[in-house]
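Everything on this sheet refers to the single structure shown next.
A short reminder: the numbers here are calculations on the coordinates, not readings from a lab. Remember, predicted model here, so these are calculated numbers, not experimental data. Cβ atoms come from the backbone with ideal geometry, glycine included; neighbour counts cover every protein chain shown.
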Amino acid sequence: MPALATPRTADRTSVRQRPGDRIFAGVTRTAGLLILVALAGVAVFLTLEGLPALRAPQDALFGASSFLRFVGPLVFGTVLAATLALLIATPLSLGVALVISHYAPRRLARGVGYLVDLLAAVPSVVYGLWGIGYLGSRLSPVYAWLETHLGFLPFFAGPASATGKTILTAGIVLAIMAIPIITAVTREVFLQTPKLHEEAALALGATRWEMVRMAVLPHARSGIVSAVMLGLGRALGETMAVAMVLSASGVVTFNLIGSDNPSTIAANIALQFPESTGLRVNALIATGLVLFVVTFAVNFAARTIVARGPREQVR
């Protein structure tokens with residue numbers, strides 16, 4: 001037995017020592033290290049440049065008495081816009097993914113999948129132009145109707161914006177931008193459902209929807225959560241589309257259709273940075289650090305859920 005094991009070990013060692021394998025391993029390790037170095041460099045830069053803003057005077061913080069009072073409304077607006085985007089994009093994305101994977105004919109599903117994927121290639125500036133030039137004006141009558149009939153709710157208290165530049169319009173634009181990401185991930189997860197599970201459910205008399213509800217959705221639960229969180233990361237970091245669509249005044253309000261809207265971190269940086277100098281630049285960089293931490297945490301949580309999914313399925 002030892003004599004038989006020795007050649008196998010030698011063969012494996014010789015395979016590992018091939019020049020092509022060593023070169024490939026070195027290239028992949030270098031690429032991984034470069035990504036970590038770039039990420040660490042961004043974090044160090046934001047931290048060093050943002051620290052002076054923690055003790056900056058009121059004038060450097062754009063009128064806020066402290067950095068927390070300055071960044072607080074921005075974090076609120078960022079989370080609110082991203083939440084609105086997910087509330088709109090998640091059901092639409094899941095529906096489109098189910099149509100592509102289980103309902104539509106193969107040719108139609110392939111075409112719909114290509115169209116959805118093309119949405120991810122559209123620049124954010126184009127979405128912003130569409131939102132400010134077309135969507136906002138078309139939504140103004142809708143906002144007026146919401147104020148008239150649902151004005152008793154704090155979300156639609158009004159007065160409704162006549163231009164349509166509201167946080168709800170920004171949320172709709174962000175939802176359209178997040179749909180390709182959520183749809184692409186959930187579509188692939190739905191297609192990975194074991195065919196035996198689907199056929200077993202249909203053989204027991206389940207309808208197509210019952211089969212999806214009992215076999216497909218439970219199998220894809222972790223993938224759906226990770227897709228939604230990746231879409232959240234996309235919505236949190238969007239800049240130009242929100243800056244162009246949103247008429248921000250830096251307030252904290254849950255009114256979704258009014259003219260006074262909270263701003264987001266990314267949009268505020270894009271709008272204020274060209275005219276800022278000195279400690280104001282440090283204050284904007286510090287808000288970028290906050291956004292960096294939030295986005296990193298969201299994406300890290302999504303990757304953790306994706307990695308945990310296969311382990312739970314094996315168990």
Criterion: under 19 Å from the mean Cα position of the chain (by Cα) and either within 23 Å of residue 307 (Cβ to Cβ) or touching a residue at least 40 places away in the same chain (Cβ under 8 Å) (or both) - qualifying residue of 255, 261, 268, 282: 268
Which listed residue, of 168, 146, is part of a helix (DSSP H, G or I), in contact with a strand residue (DSSP E or B) (Cβ under 8 Å, 6 or more places away or on another chain) and either more than 23 Å from residue 91 (Cβ to Cβ) or of a type in the set (A, V, I, L, M) (or both): 146
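Would you mind stating whether residue 297 is over 25 Å from residue 55 (Cβ atoms) and crowded, with 22+ Cβ neighbours inside 10 Å?
no
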Qualifying residue in region 258-265 (condition: surrounded by 22 or more Cβ atoms within 10 Å (Cβ to Cβ), hydroxyl-bearing (Ser, Thr, Tyr) and within 30 Å of residue 148 (Cβ to Cβ)): yes
Restricting region 86-144 to residues that are touching a residue at least 60 places away in the same chain (Cβ under 8 Å) and aromatic (Phe, Trp, Tyr), the residue that is surrounded by the fewest Cβ atoms within 10 Å (Cβ to Cβ): 103
In region 15-44, the residues that are touching a helix residue (DSSP H, G or I) at 6+ places or on another chain (Cβ under 9 Å) and under 30 Å from residue 292 (Cα atoms): 39, 42, 43
Members of region 81-135 found to be outside any helix (DSSP H, G or I) and under 14 Å from residue 231 (Cα atoms), listed by number: 120
Test: residue in region 152-160 that is buried (at least 21 other Cβ atoms within 10 Å of the Cβ), closer than 24 Å to residue 83 by Cα and not basic (Lys, Arg): yes
Close pairs (6 angstrom Cβ cut-off, 6 or more residues apart or separate chains): over 19 Å from residue 296 (Cα atoms) in region 214-227, part of a helix (DSSP H, G or I) and aromatic (Phe, Trp, Tyr) anywhere: 216/190; 220/190
